[in-house]
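The values are calculated or read from the model by the stated rules, or taken from the named source; none is laboratory data. These numbers were taken from a predicted model, which means no experiment stands behind them. Cβ atoms come from the backbone with ideal geometry, glycine included; neighbour counts cover every protein chain shown. Just so you know, the surface numbers come from the protein's heavy atoms only, side chains and all, with ligands and any DNA or RNA stripped out. Shrake-Rupley method; radii C 1.70, N 1.55, O 1.52, S 1.80 Å.
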Amino acid sequence: MGTTLQLYNTLSRKKENFEPLNPPHAGMYVCGPTVYGDPHLGHARPAVTFDLLFRYLAHLGYRVRYVRNITDVGHLENDADAGEDKIAKKARLEQLEPMEIAQRYTNSYHDAMRRLNVLPPSIEPRASGHIMEQIALVREILKRGFAYEVNGSIYFDVEAYSKKYTYGKLSGRTLSDLMANTRALDGQDDKRNPFDFALWKKASPEHIMRWESPWSVGFPGWHLECSAMSTKYLGETFDIHGGGLDLMFPHHECEIAQSVAACGHDAARMWVHNNMITINGQKMGKSLGNFITLEELFTGTHRLLTQAYSPMAVRFFILQAHYRSTLDFSNEALQAAEKGLQRLLAAKKTLPHLKPADKSTLDVSSLAAGCRAALNDDLNTAVALAVIAEWIKNINAVKAGTDALTAADIEQLNADFTLITSDILGIKDDSQATDQKNLSADLINLLLNLRQQAKSSKDFATSDKIRNELAALGVTVKDSKEGFEWSLR
Ligand code: ZN
């Protein structure tokens with residue numbers, strides 16, 4: 001642990017100092033969602049992880065360009081080069097335009113991200129808006145001899161690439177592993193080798209999402225968009241490429257091969273991967289019945305949930321683990337996170353109102369120093385939250401009078417606590433949303449209590465006025481023995 005940020009680079013398999021190519025600028029590309037369904041628990045972890053990195057880099061003084069894409073074309077079922085496009089399939093089932101599906105689920109993704117207090121990226125490019133860039137990239141790879149055309153489709157030639165470069169260096173898979181483990185070609189396939197992957201696919205007659213290209217009317221392969229869009233917005237070499245561990249193979253491995261084939265060198269200098277969320281020890285999957293959308297989580301409407309969990313409890317839960325560890329979801333773990341969050345928010349409220357003393361018995365600099373050391377050590381939020389938990393105890397001890405802080409120390413601690421928990425960790429009090437609903441109810445009750453008073457003092461003009469004006473606003477008031485009842489129309 002030092003004073004500079006160290007990140008674990010999946011490519012070199014070790015922690016490295018973060019030294020951007022062009023300081024104070026820092027470029028980060030993260031694979032975003034394929035927008036064909038509601039955002040789920042699996043989307044929350046990479047989003048929160050890279051939001052934290054985005055916030056922390058900005059805190060360290062970097063001017064970060066954070067690019068997170070939207071995949072709205074080319075992601076075929078089972079991540080293979082065959083099968084229906086995920087978005088087109090959903091569109092067919094719902095009798096909508098594919099772009100209506102993409103828009104609908106982009107909106108719900110954004111809504112979920114806002115609730116998780118995930119900041120929007122600097123640029124959010126869509127694959128369908130970058131077809132020309134993808135065609136140009138295919139052209140370049142073809143020109144350099146690392147791709148071939150069959151019947152209007154273009155495939156990446158892994159064998160030719162492997163003669164010059166190392167395919168599989170990110171995931172550690174070797175070409176001979178791939179040869180042994182990939183399924184045999186089924187005769188329908190145009191590929192020379194089963195481990196080759198599509199750069200461009202000729203569209204079959206029923207395929208709706210299609211574009212003109214020099215080779216056929218078709219669509220780009222899934223891996224291509226990230227290579228094309230990261231280069232476009234961050235340059236041929238950039239600092240960080242992030243994503244979930246599930247994307248490491250084949251998606252990120254193919255991205256590396258494409259960039260190296262087109263430019264002769266790696267595009268991303270550091271690869272950062274977050275580990276996965278399991279549910280009660282199991283991988284999450286639709287067939288396992290443990291597929292929980294964020295909406296279900298926030299409303300408590302999935303059969304595996306014993307209650308609703310606030311977006312902030314989910315964020316806190318994710319931050320409690322180091323991003324490279326697996327994180328197991330269970331009601332107990334979420335409830336524990338909720339309690340931890342409440343303790344943190346309560347301490348934050350208490351802090352500015354502590355009674356100052358003449359002398360401090362605690363060293364307030366240890367909060368910022370401890371959290372910074374933890375975050376510099378490959379974003380260790382688990383350790384940072386442990387440092388914060390220690391300070392929550394200290395704050396309560398000062399409140400109880402067993403410890404003491406001077407006015408200057410209280411002010412410093414308050415500033416550091418807010419900076420770390422709100423600005424860097426992105427933890428806020430999100431009970432506001434519910435509070436707003438409660439506020440309306442409280443205001444109606446307040447008015448009706450005033451009406452009761454008016455009635456008791458025989459001021460019927462005022463009492464009628466309140467009732468009539470509330471009625472005009474849609475609030476129906478009924479007098480009862482106990483006083484009043486009301487309902488919203
Ligand atoms: Zn990607």
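Below are the figures for this structure:
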item: Sites Ala408 and Lys349 - FRET efficiency at Förster radius 30 Å, r taken between beta-carbons, to 0.05; result: 0.90
item: Region 335-341 - phi-based ³J(HN,Hα) in whole Hz, Karplus 6.51/-1.76/1.60, Gly and Pro as x; result: 5, 5, 5, 4, 5, x, 4
item: Kirkwood hydrodynamic radius (C-alpha pairs) into Stokes-Einstein, region 190-300, 25 °C and 0.890 mPa s, D in µm²/s; result: 145
item: Extension gain, Lys164 back to Ala373 (0.36 nm per residue minus Cα-Cα distance, nm); result: 71.1 nm
item: Per residue, in Å², the accessible surface of region 248-316 once ligands and nucleic acids are set aside, probe 1.4 Å; result: 36
item: Gained length - Leu21 relative to Phe249, 0.36 nm times residue gap less alpha-carbon distance; result: 79.5 nm
item: For region 1-131: span of alpha carbons on each principal axis (Å, largest first); result: 55, 31, 28
item: Flagged links, alpha-carbon separation over 18 Å, of Lys163/Lys202; Lys164/Lys232; Lys86/Lys201; result: Lys163/Lys202; Lys164/Lys232
item: Subset of Lys15/Lys399; Lys14/Lys393; Lys90/Lys339; Lys90/Lys428; Lys169/Lys283 violating a 29 Å alpha-carbon distance limit; result: Lys15/Lys399; Lys14/Lys393; Lys90/Lys339; Lys90/Lys428
item: Sites Leu443 and Gln342 - FRET efficiency at Förster radius 25 Å, r taken between beta-carbons, to 0.05; result: 0.45
item: Exposure rank, largest accessible area first [Asp378, Asp442; 1.4 Å]; result: Asp442, Asp378
item: Nearest-10 value in Å² for the accessible area of His75, using the 1.4 Å probe; result: 10
item: Accessible area, probe 1.4 Å, largest first, for residues Glu124, Glu236; result: Glu236, Glu124
item: Met276 long-range amide H proximity, modeled H, under 5 Å; result: Leu327
item: Estimated FRET transfer efficiency (Ala308, Asn151; beta-carbon r; R0 51 Å; 0.05); result: 0.45
item: DSSP-defined antiparallel bridges as percent of all bridges, the chain, nearest 5; result: 55
item: Difference of contour (0.36 nm per residue) and Cα-Cα distance, Thr174 to Ser366; result: 64.4 nm
item: Estimated distance in nm for a label pair at Lys286 and Leu450, the labels positioned 7 Å out from Cα along Cα-to-Cβ; result: 5.4
item: Region 290-397: radius of gyration over Cα atoms, expressed as a fraction of 2.2 N^0.38 Å; result: 1.27
item: Neighbourhood net charge (13 Å Cβ-Cβ; Lys/Arg +1, Asp/Glu -1) for Asn117; result: 0
item: Magnitude of the charge dipole, the chain, Cβ model with Lys/Arg +1 and Asp/Glu -1, debye to 20; result: 640
item: Calculated [θ] (222 nm, deg cm²/dmol) that DSSP helices of n ≥ 4 give over the chain, each run adding -39,500 (n - 2.57); result: -14000 deg cm²/dmol
item: Rounded, prolate or oblate (a/c below 1.5 giving rounded, otherwise prolate when a/b exceeds b/c) for region 18-274 by Cα gyration tensor; result: oblate
item: For region 56-161, the fraction of alpha-carbon pairs in successive 5 Å shells from zero, as %; result: 2, 10, 13, 16, 17, 15, 12, 9, 5, 1, 0
item: Kirkwood-based Rg to Rh ratio, the chain, C-alpha trace; result: 1.07
item: Carbon/sulfur fraction of accessible area - region 278-424, other protein chains in place, 1.4 Å, %; result: 53
